[in-house]
1. Give the residues of region 61-118 that are under 17 Å from T134 (Cβ atoms), touching a Phe, Trp or Tyr at 6+ places or on another chain (Cβ under 7 Å), assigned to a strand (DSSP E or B) and not charged (D, E, K, R), sorted by residue number.
2. Can you name the residue in region 138-181 that is at pLDDT below 95 and of a type in the set (A, V, I, L, M) and, of all such residues, is nearest to the chain's Cα centre (by Cα)?
3. Looking only at residues in region 14-35 that are of a type in the set (G, A, S) and modelled with pLDDT of 85 or more, which one is farthest from P142 (Cα to Cα)?
4. For region 131-141: of the residues being open to solvent by 50 Å² or more (accessible area, probe 1.4 Å) and assigned to a loop (DSSP other than H, G, I, E, B), which is farthest from D26 (Cα to Cα)?
5. Got a sec? Which of D102, D95, D75 is at pLDDT 85 or above and open to solvent by 70 Å² or more (accessible area, probe 1.4 Å)?
6. What are the pairs, 6+ residues apart or on separate chains, where a residue within region 53-66 that is closer than 14 Å to A5 by Cβ has its Cβ under 9 Å from a residue that is surrounded by 16 or more Cβ atoms within 10 Å (Cβ to Cβ) and aromatic (F, W, Y)?
7. I'd like the residue in region 78-92 that is surrounded by 15 or more Cβ atoms within 10 Å (Cβ to Cβ) and in contact with a Lys or Arg (Cβ under 6 Å, 6 or more places away or on another chain) and, out of all such residues, is nearest to K11 (Cα to Cα).
8. Restricting to region 143-163, name every residue that is surrounded by 13 or more Cβ atoms within 10 Å (Cβ to Cβ) and either of a type in the set (S, T, Y) or under 19 Å from E28 (Cα atoms) (or both).
Amino acid sequence: WELNAGLRFEKTQWATNGNTVLTDEDGEYLATESVSGESSYKRWFPSVSLDYELNDGVRVKAAWFKTLARPDYFDLVPFRRIYTNFQFIWEGNPDIQPTQFDNLVLGVHVESEIVGELNVAAYFKRLETFFYETDELIEGGPFDGWERRRQQNGNSASVRGFEFGWKRKLESAPARVGSLTVSV
C-alpha cells in the first residue's frame, strides 16, 4: 500500500488596460475610451492518492484532487473589436472566473514482458464556473442584428469517461532500424 497526500496553495492576481469604441445610435465612430479590469483570487488544492500493488506487475490506484483551469489572458482583456463589413463584434470579458475541477480517478497499471505497459482508468470530473465561447445576436441599439462573440462562465457540469493506454517495445524490429515502440 502507498498513500500520498498533498496540499497546494495558489494566488492569482492580474490587471489590464484596454480600449472600447464609442459610437452614436447609427454606429458611427465617436471616440475610443480606455477601460481596465483586474481580479485576484486564492485557492487551496488538496490531493490524495492510494496505490495498491497486487503483484510485481499490477498496481491499482484511486486518486482525488482539485485543479484549476484559467481562461486565456486575451479573453480577460476588456476590449471591443468591431468588424463593420461582417456586422460582427468580438469582446473580451474581464469578469470570467477560472474553472475549478474536482477529479476522481480509479485505474489499473499492468506491466509485463508479454503485455508491455497497459493503463486503464475511469474518471469523474465535477466542474464549477466553466468558461465557454458564446455567439449571440445583439437586439436593439446601433448594432441591432449584429453577432457578438465573447467568453462567458457557465454554472457547473460533470464529465466522466475511460482512458486506455498501451505501450510495447517491438522485439522483432530489424537491427538496422533499432528499437521500436508502439504506443496507443
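1. Result: F88, I89, T99.
2. Among those residues, the one meeting the criterion is I138.
3. Let us first name the residues in region 14-35 that are of a type in the set (G, A, S), namely 15, 18, 27, 31, 34.
Then keep just the ones that are modelled with pLDDT of 85 or more; that gives 15, 31, 34.
Numbers: A15: 30, A31: 15, S34: 20 Å.
Going through the qualifying residues, I end up with A15.
4. E139
5. The unique qualifying residue is D95.
6. F65/F101; K66/F101
7. Residue satisfying both the conditions and the ranking: E91.
8. F143, W146, E147, R148
The values are calculated or read from the model by the stated rules, or taken from the named source; none is laboratory data. A quick note: this is a predicted structure, and the numbers were derived from the prediction, not measured. When we count neighbours, we look across all protein chains shown, and the Cβ atoms used for this are built from the backbone with ideal geometry, even at glycine. When the accessible area is computed, the model is the full protein with side chains, heavy atoms only, and any ligands, DNA or RNA have been set aside. Shrake-Rupley method; radii C 1.70, N 1.55, O 1.52, S 1.80 Å.
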